[in-house]
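The values are calculated or read from the model by the stated rules, or taken from the named source; none is laboratory data. Note that this is a predicted model, so its numbers are computed, not measured. Methodologically, a virtual Cβ is constructed for each residue, glycine included, from the backbone with ideal geometry; neighbour enumeration extends over all protein chains shown.
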Amino acid sequence: MANRTVESLWRWSDSGKLPIVCDATSCSLGLTSEIVEYLTPENRERYAQLKIFDSVAWAHDRLLPKLKIRHKAASAVVHTSRKDLAVYFVFEDYDATILRAVHNK
C-alpha cells in the first residue's frame, strides 16, 4: 500500500514538481513520518523529491501571508485529531482568540 501511494503521489504531482497538500491531519502524519520504512529503494528516491504539506500548515505558511486580512474573527473552532497541530499558531498570528481547547480521549 505504501508503495502504491507514493507511485500515485509521484504521478499526480508531475514527478514531484507540484506540492501535495493533505486536508486530513492523520494522512499528513502518515505520509510525512510513517511511510518511508515500507518503501522500495526506487520509491524512497521518489518520496524524497515529494513536497508534502498539511493543509493548515500550508495555509499558514504559503496562503495567509499573501492575503489581505479585512476582518478578524473573535474566535474559531477547529476539529483536529492531533494535539500538536499548528492551528493554535495560525490563529495566534492573526489575533483571533481560542477560548477553550477540548481534546477527545
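Of all residues in the stretch 6-46, which are part of a helix (DSSP H, G or I), of a type in the set (Val, Ile, Thr) and farther than 19 Å from TRP58 by Cβ? Talk me through it step by step, then tell me what you get.
Pass one, the stretch 6-46, residues part of a helix (DSSP H, G or I): 6-12, 25-34, 36-38, 41-46.
So of that shortlist, the ones also of a type in the set (Val, Ile, Thr) come out as 6, 25, 32, 36.
Listed by number, the residues that qualify are VAL6, VAL36.
Can you name every residue in the stretch 47-62 that is part of a helix (DSSP H, G or I) and under 12 Å from the mean Cα position of the chain (by Cα)? Full working, then the answer.
Going residue by residue through the stretch 47-62, those that are part of a helix (DSSP H, G or I) are 47-49, 55-62.
Once the filter is applied, which keeps residues that are part of a helix (DSSP H, G or I) and under 12 Å from the mean Cα position of the chain (by Cα), the stretch 47-62 yields SER55, VAL56, ALA57, TRP58, ALA59, HIS60, ASP61, ARG62.
Here are the criteria: (1) of a type in the set (D, E, K, R); (2) modelled with pLDDT under 95; (3) in contact with a helix residue (DSSP H, G or I) (Cβ under 6 Å, 6 or more places away or on another chain). Tell me which single one GLU37 does not satisfy.
Just one mismatch for GLU37, condition (3).
Do we find a residue being modelled with pLDDT of 90 or more, among the hydroxyl-bearing types (Ser, Thr, Tyr) and surrounded by 12 or more Cβ atoms within 10 Å (Cβ to Cβ) anywhere in the stretch 45-56?
Checking the stretch 45-56: at least one residue is modelled with pLDDT of 90 or more, among the hydroxyl-bearing types (Ser, Thr, Tyr) and surrounded by 12 or more Cβ atoms within 10 Å (Cβ to Cβ).
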